[in-house]
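Following: one structure in structure tokens, then a few remarks.
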Amino acid sequence: MSVSSAPREAIVVPGANSGSALECIRSLGSRGIHTIVAAEDPAIALTASRHCGEVVEVPPPRDDYLGYKDALVSLASRPEVRTIIPTREDDIYVLSKYRNEFRQYIATPWPQFDTLETVHDGYRLAEFVSDLDIPVPETQLYDEVADWSQERIIKARYSVLTDDHVDSLEAGRLHPDLGQMHVSPDTGPDRDEVRRRMKGHLPVVQEYIPIRFEYSFRALYDKGEPLATSVRRQTRGMSYAGGTSVYRELVDDPTLEAFGRRILDALDWHGLATVQFIESAETGEYMFGEINPRTWTSIPCDVRAGADYPYFYWLLAGDRADVIDPSYESGYATHLLFGELLYLKSVLFDEYPNASRPAFHTALWSVLSSLYHHPNFDFLTVDDPMPFFQGVRHSIKDALAQ
């Protein structure tokens, strides 16, 4: 890497409107590191943080990922910038695919593109993990399923869908977050709806596993060697069927620790990752879910418990991994407040044929009780409250405009 020997004291944080990007800004900015938020919308809530050093407007990666890449390369070429931390699938896709353009300027602690392609391909990844003797739900390509009488879930095969996968898709656009479809064994899938939701590509189909808890193994790796790890248990997601974490705590679990390390070791991983698992409500068995090769939504839980991954990432990028202290406080828990409201809304109004709906009074008591016992929040903090209030203001404005 041909970079200046002068100290580099700035980092680029892609401006996702999320708790993970905000926590990166808070963690790094509070240490005097200049944070440069690269955002397609300069008014997003995290730019109101007292730790946000600078905001640079960039093209939306999902509409023009080559323009977005060029904007990030331009930021990387600034002499004070040490690295870029990926906060979305969009970011890691661009950073990994065009790694050589970035490495001439900055440290690149993220995976090679062939490794990322394995991680972003749900079908290939399921086979890879199964070969490591780690339980994986039965996974098939959509056209391979002959019997729809069992409960199943249809998922996008690729974490980021592009015209490389489907010729009819517009070049230069990214299509992440296509979601999933719960299929009732009584009716089977609506093929036209599947094709529309999945934008014409062949998705994967997995057996439905009733979930007791969702877990994730989080880690920062340096060329196949773990520098810091932690395990999170999710108690609630944004819907009663699961989804993005809104209430979670850090736990000690040697089995999941071993599973997560086995997977990332086999991938010769480099950079940040969270490996998702579920615990079967019927058997208690842990089963692999997916890998997110970036920061994760619930990273405030890790950081405030002592596992400060954004800062660890900064140290790795500066060749100071030897000073990382990977210890953390097990049992620490945090909430995404807006997500808790979405969870309660889901209990009232959503229909998931494969998931049991809790009684609303039970769900409400669970939320209120955990808020009382663990009043720790992703966006709302005493020393940096403005991102939360700006987010509320934007939400009200959007609601009134509808």
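The values are calculated or read from the model by the stated rules, or taken from the named source; none is laboratory data. These numbers were taken from a predicted model, which means no experiment stands behind them. Virtual Cβ from ideal backbone geometry, glycine too; neighbours counted across all protein chains shown. When the accessible area is computed, the model is the full protein with side chains, heavy atoms only, and any ligands, DNA or RNA have been set aside. Shrake-Rupley method; radii C 1.70, N 1.55, O 1.52, S 1.80 Å.
Here are some notes:
- Residue match in the range 286-300 (condition: surrounded by fewer than 18 Cβ atoms within 10 Å (Cβ to Cβ) and in a loop (DSSP other than H, G, I, E, B)): no
- Pick from the range 61-78, criterion assigned to a loop (DSSP other than H, G, I, E, B) and touching a helix residue (DSSP H, G or I) at 6+ places or on another chain (Cβ under 7 Å), ranking: least open to solvent (accessible area, probe 1.4 Å): Pro61
- Single residue of the range 79-94 satisfying the filter (part of a loop (DSSP other than H, G, I, E, B) and either within 17 Å of Asp177 (Cβ to Cβ) or aromatic (Phe, Trp, Tyr) (or both)) that is most open to solvent (accessible area, probe 1.4 Å): Arg88
- Test: residue in the range 225-235 that is in contact with a helix residue (DSSP H, G or I) (Cβ under 7 Å, 6 or more places away or on another chain) and among the small types (Gly, Ala, Ser): yes
- The set of residues in the range 149-208 being among the small types (Gly, Ala, Ser), without any contact (Cβ under 8 Å) to a residue 60 or more places away in the chain and in contact with a Gly (Cβ under 8 Å, 6 or more places away or on another chain) consists of Ala156, Ser168.
- Any chance Phe113 is without any contact (Cβ under 8 Å) to a residue 24 or more places away in the chain, touching a helix residue (DSSP H, G or I) at 6+ places or on another chain (Cβ under 7 Å) and under 30 Å from Glu9 (Cβ atoms): yes
- Of all residues in the range 303-331, those satisfying the criterion of being more than 30 Å from Pro79 (Cβ to Cβ), of a type outside the set (Asp, Glu), open to solvent by 40 Å² or more (accessible area, probe 1.4 Å) and assigned to a loop (DSSP other than H, G, I, E, B) are Pro326, Ser327, Tyr328, Ser330.
- Asp177 within 30 Å of Leu364 (Cβ to Cβ) and among the charged types (D, E, K, R): yes
- Which numbered condition Ala355 fails, given (1) part of a helix (DSSP H, G or I); (2) more than 30 Å from Ala10 (Cβ to Cβ): (1)
- Filter result for Val275 (closer than 22 Å to Pro135 by Cα, part of a strand (DSSP E or B) and without any contact (Cβ under 8 Å) to a residue 60 or more places away in the chain): yes
- Test: residue in the range 357-368 that is modelled with pLDDT of 95 or more, open to solvent by 50 Å² or more (accessible area, probe 1.4 Å) and under 23 Å from the mean Cα position of the chain (by Cα): no
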